[in-house]
Amino acid sequence: MGKLRHIAFISKEPKKLSDFYQKFFDLEEVKVFPSGSRMVIDGLFNLAFLQQNVALLAVVPITAIAEITGGVVSRTSMLTSLEKALSPPEL
């Protein structure tokens, strides 16, 4: 049986969520995106707190990866996809 390893929340204040989960659940913040979105992990499970104003840009790349890989998304591919989606556009 598959296990849930990742959940993404859309938030107006991702830093507050990240701080809360670090303090009360001992999760480690591993990534802060230029948009203000953040990712925390406990080793097996990770949470992404997506900045509300850019969150919709990140949904498509992650969904596409999940479809291509049959629902299996590695941490590396997920971080790469999120980083691309949440980074400011190159001029």
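Has the range 17-28 got any residue that is part of a strand (DSSP E or B) and at pLDDT 70 or above? So far as the range 17-28 goes, yes, one or more of its residues are part of a strand (DSSP E or B) and at pLDDT 70 or above.
Before we move on, is VAL40 of a type in the set (Val, Ile, Thr), surrounded by 19 or more Cβ atoms within 10 Å (Cβ to Cβ) and on the phi < 0 side of the Ramachandran plot? When the stated conditions are applied, VAL40 passes them.
Residues in the range 29-54 that are in a loop (DSSP other than H, G, I, E, B) and hydrophobic (A, V, I, L, M, F, W, C) were compared, and the one that is farthest from GLU83 (Cα to Cα) is LEU44.
The values are calculated or read from the model by the stated rules, or taken from the named source; none is laboratory data. Quantities reported herein were computed from a predicted structural model and do not represent experimental measurements. Ideal geometry is used to build each Cβ from the backbone, glycine not excepted, and the neighbour counts take in all protein chains shown.
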